[in-house]
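Engineer: Mind having a look at this structure? Questions to follow.
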Amino acid sequence: MKVETTVKNITTVMPQLYNWLKGNPDKESLAYTTVMKHAKSDDEGKSVALRLLIHYMGDVHQPLHIANRYTKAEPAGDKGGNDFLLKYHYTANELHAVWDTVIYQNHKSPKRPFTSATWADFKTTTDDFFKGLSVSKADMESLDFAKFRDESAAIAQHVYDGLNEGKDQVVPQSYIDKYNPIARQRVAMASYRIVHLIEDIFGATHGYNLRKRKEHPTSFLQ
């Protein structure tokens, strides 16, 4: 078994999207040409580019979004853990979904559209999620997309350890105890880095200055 970072991953287009939003579009790039095939105007294209970049910033911090496990049984890879089946639990029945739910912690999705009550509940849940988590200034103030990928790739090397594959196989509590803090920290890193990214593109004075908030940037994530 080996786990490798996929050659064509989202960090290929993240710099392209970023440069576009900074006013320096490469109109021959994959990101620009793909988005503008469907956009009716440059403003609409930029809107899509921003949403994609925010989405990819979250994705690149999830280890199984940028890696595949290769075995004799699956020489083409397991699609980032999507084909690594496990016993259904809290909406997840394969390893990728287990990590998408932050090792089962975020298995509930808030009802939409939001009401004042569900918004308040979501904020409470998010506040609880971030308790005990912190991100250093040096880690937060980075736009090194390849670094984000490499961080996730290093974690992906061992996320299969301690697991048995199969529809009747339960994720051991020891695995949950080990990887839930790691997954939560990845979410925190992504959150603060998204704040830095937005402020870098639009400026901290462009609307709400999240850096001046004493708590974590949950309002942005909501």
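Engineer: Working carefully through the options Val170, Val187, find the one that is loosely packed, with under 15 Cβ neighbours inside 10 Å and touching a residue at least 60 places away in the same chain (Cβ under 8 Å).
Structural biologist: Val170
Engineer: Can you find, within the stretch 24-56, the residue that is nearest to Trp99 (Cα to Cα) among those that are aliphatic (A, V, I, L, M), surrounded by fewer than 22 Cβ atoms within 10 Å (Cβ to Cβ) and in contact (Cβ under 8 Å) with a residue 24 or more places away in the chain?
Structural biologist: Ile54
Engineer: Is the stretch 186-205 home to any residue that is modelled with pLDDT under 70, more than 19 Å from the chain's Cα centre (by Cα), assigned to a loop (DSSP other than H, G, I, E, B) and within 30 Å of Gly23 (Cβ to Cβ)?
Structural biologist: Yes, the stretch 186-205 has at least one match.
Engineer: If you take the residues in the stretch 134-153 that are assigned to a loop (DSSP other than H, G, I, E, B) and over 16 Å from the mean Cα position of the chain (by Cα), which one is nearest to Tyr18 (Cα to Cα)?
Structural biologist: Looking at the filtered set, the residue picked out is Glu141.
Engineer: Among what's in the stretch 73-110 and is of a type in the set (A, V, I, L, M, F, W, C) and surrounded by fewer than 17 Cβ atoms within 10 Å (Cβ to Cβ), pick the residue that is farthest from Asp59 (Cα to Cα).
Structural biologist: Among those residues, the one meeting the criterion is Ala73.
Engineer: So, one more: State all residues of the stretch 173-184 that are among the charged types (D, E, K, R) and either within 16 Å of Lys131 (Cβ to Cβ) or surrounded by 14 or more Cβ atoms within 10 Å (Cβ to Cβ) (or both); if no residue qualifies, say none.
Structural biologist: Passing the criteria: Lys178, Arg184.
Engineer: Kindly provide the set of residues from the stretch 111-133 that are part of a loop (DSSP other than H, G, I, E, B) and surrounded by 15 or more Cβ atoms within 10 Å (Cβ to Cβ), ordered by number.
Structural biologist: Leu133
Engineer: Output the residues belonging to the stretch 61-92 that are out of contact with any strand residue (DSSP E or B) (no Cβ under 6 Å at 6 or more places or on another chain), among the hydrophobic types (A, V, I, L, M, F, W, C), under 14 Å from Glu165 (Cα atoms) and assigned to a loop (DSSP other than H, G, I, E, B).
Structural biologist: Across the stretch 61-92, the qualifying residue is only Ala73.
The values are calculated or read from the model by the stated rules, or taken from the named source; none is laboratory data. Not measured: the values here are computed from a predicted model. Positions of Cβ are generated from backbone atoms using ideal geometry, with glycine treated the same way; all protein chains shown enter the neighbour counts.
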